[in-house]
Amino acid sequence: MAKEFKRYLVTSALPYANGPVHIGHLAGVYIPSDIYTRYLRLKGCDVISVCGSDEHGVPITIKARKEGVSPQQIVDRYHELIKKSFEGLGMSFDIYSRTSSKTHAETASAFFRKLYDEGKFIEKTSMQYYDEEAQTFLADRYIVGTCPKCGNDRAYGDQCEKCGSTLSPDELIEPHSAVSGSIPVKRETKHWYLPLDQYEGFLREWILDGHKEWKSNVYGQCKSWLDGGLQPRAVSRDLDWGIPVPVEGAEGKVLYVWFDAPIGYISATKDLTPDWEKYWKSEDTKMVHFIGKDNIVFHCIVFPSMLKAHGGYILPENVPANEFLNLEGDKISTSRNWAVWLHEYLEEFPGKEDVLRYVLCANAPETKDNDFTWKDFQARNNNELVAVLGNFVNRALVLTQKYYGGTVPACGELNDYDRETIAEVAAVKTSLESNIENYRFREALKDAMNIARIGNKYLADTEPWKVIKSDPARVETILYVALQITANTAIAIEPFMPFSAAKMLRMLAVEKFSWESLGATDLIPAGHTIGTPELLFEKIEDDVIQRQLDKLAATKAANAAAEASQNVECQKDTIQFDDFQKMDIRVSTILEAEKVAKTKKLLKLTVDTGIDRRVIVSGIAEHFTPEELVGKQVLVLVNLAPRELKGITSNGMILMAEDASGKLRLLQPDEKTNNGAIVG
């Protein structure tokens with residue numbers, strides 16, 4: 001039998017304050033969190049929802065260094081932007097805090113100090129990369145080199161963003177400092193570690209035996225980590241931005257952000273209420289963490305181990321992590337600006353907050369990675385929100401206004417179809433509740449929309465606009481029932497689309513209903529006067545969507561250009577003018593071309609250099625056919641020392657250029673030129 005709880009603590013992953021929030025964050029974490037919280041509030045539960053900006057860590061210092069400002073300026077800017085964006089989308093956090101607050105610094109320091117005083121940490125001295133020029137130890141993100149797996153020469157010390165591989169600084173080929181560009185050296189440094197291996201037994205019993213109901217992606221990742229064996233994890237690092245390690249001999253060291261950040265949930269609750277302990281230390285509280293899959297290990301392995309080591313805190317009952325959302329078939333990337341940013345959406349689509357909430361929930365990556373496309377966004381708005389939900393509500397209200405001057409008619413005798421429809425609406429509640437409480441929000445949204453579908457079908461089948469001519473008394477009953485379905489729809493959609501639910505209540509001229517009212521048939525009494533009907537949703541035209549697609553196309557082109565510029569090889573060693581003058585480059589014409597037997601890349605070319613006819617072997621067979629080369633004028637380095645290739649003596653070199661895609665291009669004169677003309 002499921003345990004009954006007196007109160008709920010809902011946490012949402014703290015977004016990094018080094019950039020705006022995008023749709024991937026919303027679909028993965030914040031929309032599900034808000035749906036769950038709003039549902040609990042409608043049920044009258046004691047629930048608080050906490051979130052805040054994660055304002056420490058290396059990404060923030062990197063951003064600050066690039067912009068030439070302080071880390072504090074970065075976090076101040078993005079904290080306000082993120083907070084305002086969340087408010088604009090209707091995120092109903094009870095508090096949106098920040099980890100640079102005084103309360104958080106005190107809470108995190110006290111947490112560390114208690115574990116330190118009780119001997120819960122181990123001290124380890126290790127060799128880490130140090131930038132002698134900048135006189136600082138380098139965090140993994142400040143070490144750049146070549147990825148050993150894909151050859152990307154801009155991989156970081158913790159990850160290659162090109163192939164997605166997780167790396168360590170020692171794996172990089174030719175590592176160098178992102179701060180000064182110099183080659184780092186290894187230096188000895190001391191840090192404190194949380195010995196996660198000592199908590200394996202506890203974690204196995206708590207997760208693998210006690211929480212088999214967790215989502216398969218969460219449970220599976222936890223099992224994989226535990227089966228692989230846990231290792232001690234550093235809780236401090238050498239950095240000048242963060243919460244100072246509160247012990248003697250720790251100058252220049254701060255709390256590692258993974259240790260610091262989750263304590264932010266506790267400090268936020270402290271700032272919210274003096275009764276914070278009942279939400280964090282009472283077994284009558286159900287704590288639920290909403291996160292993305294990249295945070296599973298921290299919220300299911302690391303943070304619970306921290307809480308266990310500290311003692312006195314409850315552990316999460318569930319951690320319903322989602323997978324990733326892609327954009328137009330490509331991975332969302334902050335660094336490549338490949339995203340739909342929330343603050344930009346709110347500016348470009350005013351009044352359509354619920355459209356985004358609806359689409360991101362309907363397409364949420366609950367069990368696998370999913371894809372957001374602007375065409376799907378348009379289709380769901382036009383074919384579902386406008387054609388189903390909006391159409392039903394509008395017809396019910398407009399017909400009431402038209403036939404009865406906005407006064408709710410009395411309900412006459414119900415026929416069998418009326419009773420079947422009412423029963424069908426009432427039956428939705430059980431499924432809707434079950435899906436929300438088991439974190440199946442996509443299915444729950446279908447349930448809520450199903451009430452509007454039932455209402456649409458009811459009006460289409462009963463045809464009050466026709467029956468009014470022959471049986472006006474029957475129409476009174478039809479519209480009475482339709483208005484009760486409308487009120488039920490407003491209750492059901494409120495967790496998912498709060499702006500639309502509020503608009504429906506205004507049009508019905510009623511106050512918000514409780515969740516327990518869902519399924520009732522007397523929500524709006526006969527004789528009540530409704531408000532003025534308005535369109536709930538508007539159709540989105542093709543040109544609006546095309547503007548968004550054009551915007552993404554421009555981003556893709558800019559990324560391609562940036563990548564091409566990054567792939568340009570560095571300047572070679574300086575030569576003297578005399579060295580250049582030694583090179584004899586002539587305009588030449590290719591007379592004959594044929595593939596070299598038993599090779600894939602080589603072509604045998606006969607060229608007229610103006611001074612002679614000669615054979616040149618060139619490795620361009622994968623880029624050109626022999627037929628397309630014959631007759632072409634090219635540039636040839638004619639005084640290159642002969643070289644034998646596959647038994648053929650090559651006398652010279654055809655000059656080429658390689659573009660960003662790796663395609664070779666012939667270097668040619670702009671117009672027909674005499675063979676033998678000297679280039680210089």
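The values are calculated or read from the model by the stated rules, or taken from the named source; none is laboratory data. What you see is a predicted model, and the numbers here were worked out from it, not measured in a lab. Quick reminder, even Gly has a Cβ in these numbers, built from the backbone with ideal geometry, and neighbours come from all protein chains shown. Each accessible area value is taken on the protein alone, full model and side chains, heavy atoms only, with ligands, DNA and RNA left out. Shrake-Rupley method; radii C 1.70, N 1.55, O 1.52, S 1.80 Å.
Give me D for segment 15-120 in µm² s⁻¹, whole number, from Stokes-Einstein with Rh from the Kirkwood sum over alpha-carbon pairs, 37 °C and 0.692 mPa s. Working shown, then result.
On the way: Rh = 15.6 Å.
Diffusion coefficient, whole number: 211 µm²/s.
Given N residues in segment 465-587, what is its alpha carbon radius of gyration divided by 2.2 N^0.38 Å? Let's see the in-between values first.
Values: Rg = 33.3 Å, N = 123, 2.2 N^0.38 = 13.7 Å.
Ratio of Rg to 2.2 N^0.38 Å for segment 465-587: 2.43.
For helix 542-566, what angle does its Cα long axis make with the longest principal axis of the chain, in degrees from 0 to 90 and rounded to 10?
The helix 542-566 is inclined about 30 degrees to the chain.
Run a plain Debye calculation on segment 138-187 (Cα atoms as equal point scatterers, no solvent) and give log10 I(q)/I(0) at q = 0.30 Å⁻¹, rounded to two decimals, same order as the q list.
Here the Debye-derived log intensity ratios amount to -1.13.
Taking 21 Å as the cut-off for C-alpha to C-alpha distance, list the pairs among Lys124/Lys186; Lys114/Lys186; Lys43/Lys308 that go past it.
Going by Cα-Cα distance, Lys114/Lys186; Lys43/Lys308 fall outside the 21 Å limit.
With unit charges on the beta carbons (Lys and Arg positive, Asp and Glu negative) and the dipole taken about the Cα centre of the chain, which residue among Tyr96, Gln548, Ala501 sits farthest to the positive side?
Most positive-ward Cα: Gln548.
Where nothing but the Cβ of Lys and Arg (+1) and of Asp and Glu (-1) is charged, how large is the charge dipole of segment 450-591 around its Cα centre, in debye to the nearest 20? List each step's numbers first, then the result.
Numbers: 15 positive and 20 negative charges, 90 e Å.
Approximately 440 debye in magnitude.
Taking the alpha-carbon centroid of each part, what is the distance from segment 594-639 to segment 184-258 in angstrom?
With segment 594-639 and segment 184-258 each reduced to a Cα centre, they are spaced 60 Å.
Any chance you could give the angle, 0 to 90 degrees and rounded to 10, that helix 353-362 forms with the longest Cα principal axis of the chain?
In the chain, helix 353-362 runs at an angle near 80 degrees to the longest axis.
Based solely on its DSSP helices, what 222 nm [θ] is calculated for the chain when runs of n ≥ 4 H residues each add -39,500 (n - 2.57) and the sum is averaged over all residues, nearest 500 deg cm²/dmol? Don't skip to the end; give the middle numbers.
Working: 22 runs with 256 residues, N = 680.
Taking each H run of at least 4 residues, the total per residue is -11500 deg cm²/dmol.
Nearest 10 degrees, 0 to 90: what angle lies between the long axis of helix 71-88 and the longest principal axis of the chain (Cα atoms)?
In the chain, helix 71-88 runs at an angle near 40 degrees to the longest axis.
What are the extents of the Cα atoms of segment 496-650 along their three principal axes, listed from largest to smallest and rounded to whole Å?
Here the Cα extents, ordered largest to smallest, are 105, 40, 29 Å.
Whole-Hz Karplus ³J(HN,Hα) for segment 590-606, in order, using 6.51 cos²θ - 1.76 cosθ + 1.60 and θ = phi - 60°, x for Gly and Pro?
7, 8, 9, 8, 8, 6, 7, 4, 6, 9, 9, 9, 8, 10, 9, 10, 9
Name all residues of segment 313-353 having a backbone nitrogen under 20 Å from the label point set 7 Å from the Cα of Lys84 along its Cα→Cβ direction, giving them as ranges.
Inside the label zone: 340-353.
To the nearest Å, what is the center-to-center distance of segment 353-408 and segment 275-349, using C-alpha atoms only?
28
Give the carbon-plus-sulfur fraction of the accessible surface of the chain in %, rounded to a whole number; probe 1.4 Å, heavy atoms of protein chains only.
On the way: 15090 of 31490 Å².
Looking at the chain in its full context, I get 48 percent from C and S.
If you average 1/r over all unlike Cα pairs in the chain and invert the result, what Kirkwood radius do you get in angstrom?
Working: mean 1/r = 0.0333 Å⁻¹.
After inverting the mean inverse Cα-Cα distance, the result is 30.1 Å.
Under unit Cβ charges (Lys, Arg +1; Asp, Glu -1), what dipole magnitude, rounded to 20 debye, does segment 36-120 have relative to its Cα centre? Please list the in-between numbers first.
On the way: 14 positive and 11 negative charges, 36 e Å.
It comes to approximately 180 debye.
Which net charge results when you count Lys and Arg as +1 and Asp and Glu as -1 among the other residues whose beta-carbon is under 15 Å from that of Pro669? Could you put the intermediate results ahead of the total?
On the way: positive: Arg586, Lys632, Arg665, Lys672; negative: Asp608, Asp670, Glu671.
With Lys, Arg at +1 and Asp, Glu at -1, the net is +1.
Can you give me the C-alpha center-to-center distance between segment 477-548 and segment 1-67, rounded to a whole angstrom?
Distance between centres, Cα-based: 28 Å.
Considering only Cα-Cα distances, which of the following residue pairs are longer than 22 Å: Lys84/Lys539; Lys601/Lys663; Lys3/Lys212?
Values: Lys84/Lys539 27 Å; Lys601/Lys663 14 Å; Lys3/Lys212 15 Å.
Going by Cα-Cα distance, Lys84/Lys539 fall outside the 22 Å limit.
For segment 267-337, just the Cα atoms, rotate onto the principal axes and tell me the three extents in Å, largest first.
That gives 45, 25, 20 Å along the principal axes, largest extent first.
Would you kindly calculate the mean projected area, averaged across all directions, of the convex hull enclosing the Cα atoms of segment 167-269, in square nanometres?
On the way: hull surface 39.6 nm².
Average of the hull's projected areas for segment 167-269 equals 9.9 nm².
As an exercise, take the mean of 1/r over every pair of distinct alpha carbons in segment 8-62, invert it, and state the Kirkwood radius in angstroms.
Details: mean 1/r = 0.0798 Å⁻¹.
Roughly 12.5 Å, rounded to one decimal.
Rg/Rh for segment 629-680 to two decimals, with Rh computed the Kirkwood way over all alpha-carbon pairs. The partial results should precede the final answer.
Working: Rg = 12.9 Å, Rh = 12.9 Å.
Taking Rg over the Kirkwood Rh, I get 1.00.
Taking the dipole about the Cα centre of segment 1-51, with the C-beta of Lys and Arg at +1 and of Asp and Glu at -1, give me whichever of Ala17, Ser49, Phe5 is farthest to the positive side.
Phe5
What is the magnitude of the charge dipole of the chain about its Cα centre, with +1 placed on the Cβ of each Lys and Arg, -1 on the Cβ of each Asp and Glu, and no other charges, expressed in debye to the nearest 20? Please list the in-between numbers first.
Details: 80 positive and 97 negative charges, 117 e Å.
Charge dipole of the chain: 560 debye, to the nearest 20.
Student exercise: in segment 394-523, how many lysine pairs 8 or more apart or on different chains have Cα atoms under 26 Å apart?
Count of close lysine pairs: 17.
Could you state the orientation-averaged shadow area of the convex hull built on the Cα atoms of segment 571-680, in nm² to one decimal?
Working: hull surface 31.3 nm².
Seen from a random direction, the Cα hull of segment 571-680 projects 7.8 nm² on average.
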